[in-house]
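The values are calculated or read from the model by the stated rules, or taken from the named source; none is laboratory data. These numbers come from a predicted model, not from an experiment. Note that we place each Cβ from the backbone using ideal geometry, even for glycine, and neighbour counts take in every protein chain shown.
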Amino acid sequence: MTSTRPAPTQRTAHQADTVEPFSYVLWALRGVQAGRQYFVAMCPLKLIPKLFLYDEEELPSELRAQRTLNRARVPEIARYITENPKEYVFSSITASVDSKVAFRPVTEAGAPADVGQLVIPMSARFIINDGQHRRAAIEEALKIRSEVGDETISVVFFLDSGLKRSQQMFADLNKHAVRPTKSLGILYDLRDEQSQLARKLVESVEVFKGLTETEKTTISNRSIKLFTLSSIYAGTKALLAKSKKAHVSEEEERLAVEYWNEVAKHIPDWTLVKERKTTAAEMRREYIHAHGLALHVLGLVGATLIAAEPRRWKDRLKRLTRVDWSRANAALWEGRALVGGRVSKAYSNVLLTSAAIKKLLDLPLSPEETRLDGHISSRKK
């Protein structure tokens, strides 16, 4: 529990002799890293915006540039809290404190010496080393669901006189941070219906079964996998024309399974890999259809095809066998799927490749595909 009240002056090892009379008092654990004391405290969410004020003008100029808040991320994180009040989870906020502090160990017999109350003056200056977007999102979420204010988040406090170590701490904390891959995020996201669908497709579409990399977004040359979970997700999202986190109906699930099974019939090379008659590495080396770009493109093509031919789309899809997917077909693919001979997953290349296949299937192009296709066609003349 956290409280704000006058705190008596008290000396503790490696800390200042005096503490100001009006202070934050937080139950905390005391630890040591690199010979320096630090503290882990439980802070109510309603205290976070008050404790960690965000005002770039108050920060030293040398700290300001690397801590510019990306406000576009804040609403999404805030919605995560408000829409999942029984399931949200946050890691600790890490902050530097430029202040004299005191630590009062619990005095009861047998109590650990590193459990007690951390006393921080209200005049203390804080810099968030890790978690400023969580802090901003908590502030926004409290405006919508004030009841979460009594819940807590752990805060790691490092003592940093003059905030001289803040820049190095920021660099050190982020240097070794590794974001999970898109595939792994999809694999473990049990809340997103489109992630659930992607996982179902891996088991329901025969050619995906056993050939899908579910943890990585890139496939090594030694791997027997041909697809990634993230590319199946992206392709199916395009097929169903879904916005992020949108609901997926049972009818849409059935359509997705049916579509990808039908596509596989007209790209027999995929089946050759599944039957171990050729390797996935050889397919990636020789063909465009063995890359994640192709699934995204085929999803876009499928959405247009089904909208144009809701009853006869399977017959129309048979024309897919006319597509020469060979990377050696540079006249078609260079500048579209290929840039300098290498497959590009940039969205403009996705649209250019989609335009090429739609034209082979006699399907209408989107306005953006028309614009890009016209530009590259005129350039090749």
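Residues that are more than 22 Å from the chain's Cα centre (by Cα), more than 25 Å from Leu360 (Cβ to Cβ), in a helix (DSSP H, G or I) and at pLDDT 95 or above are absent from the stretch 230-249.
Where in the stretch 267-338 are there helices (runs of 4 or more DSSP H), lying fully within it, with 3 or more residues that are closer than 17 Å to Thr353 by Cβ and in contact with a strand residue (DSSP E or B) (Cβ under 8 Å, 6 or more places away or on another chain)? It would help to see each step written out before you state the result.
On the way: elements: 268-274, 280-286, 292-308, 313-317, 330-333.
Ranges flagged: 292-308.
Quick one: would you say Tyr188 is within 18 Å of the chain's Cα centre (by Cα), among the aromatic types (Phe, Trp, Tyr) and over 17 Å from Val297 (Cα atoms)? It is true that Tyr188 is within 18 Å of the chain's Cα centre (by Cα), among the aromatic types (Phe, Trp, Tyr) and over 17 Å from Val297 (Cα atoms). Just one of (1) under 22 Å from Trp270 (Cα atoms); (2) small (Gly, Ala, Ser); (3) surrounded by 15 or more Cβ atoms within 10 Å (Cβ to Cβ) fails for Ala355. It is (1). Put simply, of Ala78, Ala95 the only residue that is touching an Asp or Glu at 6+ places or on another chain (Cβ under 9 Å), at pLDDT 85 or above, more than 16 Å from Val155 (Cα to Cα) and aliphatic (A, V, I, L, M) is Ala78.
Taking (1) in contact (Cβ under 8 Å) with a residue 24 or more places away in the chain; (2) buried (at least 18 other Cβ atoms within 10 Å of the Cβ); (3) farther than 15 Å from His266 by Cβ in turn, Asp362 satisfies each apart from (2).
Considering Ala95, Ala102, which residue is in contact (Cβ under 8 Å) with a residue 60 or more places away in the chain and closer than 14 Å to Gln37 by Cβ?
Only one candidate passes the filter, namely Ala102.
Taken over the stretch 162-193, residues that are in the same structural domain as Phe103 (by TED's automatic domain parsing), touching a Lys or Arg at 6+ places or on another chain (Cβ under 9 Å) and exposed (fewer than 13 other Cβ atoms within 10 Å of the Cβ) amount to 0.
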